[in-house]
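What follows is calculated from the coordinates using simple rules that are stated; it is not laboratory data. Here the structure is a predicted model, which means the values were calculated and not measured. Quick reminder, even Gly has a Cβ in these numbers, built from the backbone with ideal geometry, and neighbours come from all protein chains shown.
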Amino acid sequence: MNFSKLMKLAVLGSAFMTMSSQATLVTKTFDNGDSLADFSVDRAAPAGFQIINNELVMSIDGSTFGTGPSAFYDTQGMKIDTTGSNFVSVDMYIDSAWSNSERFAGMWGVGKNDANDISSYPILEFQGPGVTDPSAGLAIWDNAWVDLSTLFNLDEFNTIAYKAANNGVQYFVNGTMVYSETASGTSSFGDIILNAKNDGNSFDVRYDNLTYGVVSEPGAIALLGLGMFAMGLRRRKS
């Protein structure tokens, strides 16, 4: 396990100790040799989905663009069951090479209400300039593309997260809440999907530290703050 991971786990461990009555969380650190058996295909399988150098790397092969039954299957990814979780986050590397006017990579959620029916599909994904906004950034989906956050760092890992709260979903980028809705009735997340859009170009997406579980409101804020401290250590040591 590399230094940045050890530091992040140490920080998160401290957070768990101080919030033991507020948080029940799982973190997948994607260390070499870890199993990916908990993941299954969503829509269409990416060309690659494997752990490389203690990170999860998803590969998109542009030569397969348009080969599925419809354009629906040009979005390729893998999902994991997070039933009962009201908080999810992942670290995603945003590459400066993602400069084309296309949709790249992100994290999609499957929101559930108290009756366990699907209530929302929250999305934070990186889009190149001109897709839904003149600027490049992390686009936000709330039944439509509603906003775009530019609070990201190029050529670094960025933390994106969702919190089910106030009868809806709060969206976070690098520890800052960038959007929220209170109308969907979402109280938990049944699945989390790591995916990317195949628009005919080949690229890799690097993920790390997928975290999900149940936290209280103060617990979520503390966790995000401590997580950002650890991300700063990663940036200084990477």
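If the condition is being part of a loop (DSSP other than H, G, I, E, B), in contact with a strand residue (DSSP E or B) (Cβ under 8 Å, 6 or more places away or on another chain) and hydroxyl-bearing (Ser, Thr, Tyr), then the stretch 90-128 contributes only 121. Among the residues examined, residue 155 does not qualify as free of Cβ contacts under 8 Å to residues at least 24 places away in the same chain and charged (D, E, K, R).
Cβ-Cβ distances below 6 Å connect the following pairs, each with a first residue in the stretch 37-53 that is closer than 16 Å to residue 202 by Cα, a second residue that is assigned to a loop (DSSP other than H, G, I, E, B), and a separation of six or more residues or different chains: 44/68; 47/61. Among the residues of the stretch 67-84, those identified as outside any strand (DSSP E or B), over 16 Å from residue 106 (Cβ atoms) and touching a residue at least 12 places away in the same chain (Cβ under 8 Å) are 68, 72, 73.
Within the stretch 104-127, residues that are at negative phi and surrounded by fewer than 16 Cβ atoms within 10 Å (Cβ to Cβ) sit with their Cβ atoms under 9 Å from residues that are hydroxyl-bearing (Ser, Thr, Tyr) and in a strand (DSSP E or B), at 6+ positions apart or across chains, in these pairs: 114/188. The residues listed here are 137, 109; of these, the one that is among the small types (Gly, Ala, Ser), under 18 Å from residue 209 (Cα atoms) and touching a Phe, Trp or Tyr at 6+ places or on another chain (Cβ under 8 Å) is 109.
The requirement of being of a type in the set (Val, Ile, Thr) and assigned to a loop (DSSP other than H, G, I, E, B) is satisfied by residue 131.
Residues are listed down the side, and each one gets a yes or a no for (1) outside any loop (DSSP other than H, G, I, E, B); (2) crowded, with 23+ Cβ neighbours inside 10 Å:
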| residue | (1), (2) |
| --- | --- |
| 143 | no, no |
| 148 | yes, no |
| 152 | no, no |
| 177 | yes, no |
| 180 | yes, no |
| 184 | no, no |
| 194 | yes, yes |
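Take the conditions (1) closer than 17 Å to residue 210 by Cβ; (2) among the hydroxyl-bearing types (Ser, Thr, Tyr); (3) more than 12 Å from the chain's Cα centre (by Cα); residue 150 misses just one of them, which is (1).
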